[in-house]
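The values are calculated or read from the model by the stated rules, or taken from the named source; none is laboratory data. All figures in this text were calculated on a predicted structure; none of them were measured in a lab. So basically every Cβ, Gly included, is an ideal-geometry build from the backbone, and we count neighbours across all protein chains shown. Protein only, heavy atoms only, side chains kept; ligands, DNA and RNA dropped before computing areas. Shrake-Rupley method; radii C 1.70, N 1.55, O 1.52, S 1.80 Å.
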Amino acid sequence: REQLGQTVEALAAKADVKAQTKAKAAEVKEQAAEQAALLTGQLKDKATQAAELIKDKTPDPVLDKAAHAAAQVRDGAAHAGHLIAEKTPDPVREKAASAAGLARSNRTPLLAAAAALAVFLLLRRNRNRRRK
């Protein structure tokens, strides 16, 4: 009887497609999250290395000019932002603030999605280069 009960339970578990699908979906989701985290870390490391390499190989006068240009761009962007803020209607400003707050509160999923998109685009670009 005990063996029969265990056999029936095993057969019932195999027949429960919905539960198997949920379990497999959870497993795939977990694997995707792990891969995204791994790829995000790798991309961050590569970007840091590339930035350091560029900074090391760039002459000081060029770095100074770039810093000056960046400061000018920041100042111009800040000025443009103030002008736009003055001219933007209040309801639009409130919606933008709400969207920004939502993005800040969901930073991790947004970063994971951005990393996944970056990986997808890199893979697609590599695939297109191989075809040529």
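Working note: Karplus 6.51/-1.76/1.60 with θ = phi - 60° gives region 106-116 the couplings 10, 4, 4, x, 5, 5, 5, 5, 5, 5, 5 Hz, where Gly and Pro are set to x.
Carbon and sulfur: what percent of the chain's accessible surface (1.4 Å probe)? Write out the running numbers ahead of the final one.
Values: 7160 of 11760 Å².
With neighbouring chains kept in place, the figure for the chain is 61 percent.
Within region 24-39, whose backbone N sits under 14 Å from a point 7 Å along Cα→Cβ of Val119? Flagged as within label range: 28-39. Over the chain, the alpha carbon radius of gyration divided by the compact-protein estimate 2.2 N^0.38 Å works out to 1.84. Spacing of the modelled spin labels on Lys14 and Lys87, each 7 Å from Cα toward Cβ, amounts to 7.1 nm. Springs join every pair of Cα atoms under 10 Å in this Gaussian network model of the chain, and among Leu117, Leu38, Leu63 the largest mean-square fluctuation is at Leu63. Structure remark: mean-square fluctuation, Gaussian network model of the chain, C-alpha springs under 10 Å; the largest value among Leu83, Leu122, Leu43 belongs to Leu83.
Ellipticity at 222 nm from helices only: DSSP H runs of n ≥ 4 in the chain, each -39500 (n - 2.57), divided by the residue count, give -33500 deg cm²/dmol. For region 48-62, backbone phi angles converted through the Karplus equation (6.51, -1.76, 1.60; θ = phi - 60°) give residue-by-residue couplings of 5, 4, 5, 5, 5, 5, 5, 5, 5, 8, 8, x, 4, x, 5 Hz, Gly and Pro being listed as x.
When you filter the trypsin sites (Lys or Arg not before Pro) in region 1-56 for DSSP loop state and at most 14 other Cβ atoms inside 10 Å of their Cβ, you are left with Arg1.
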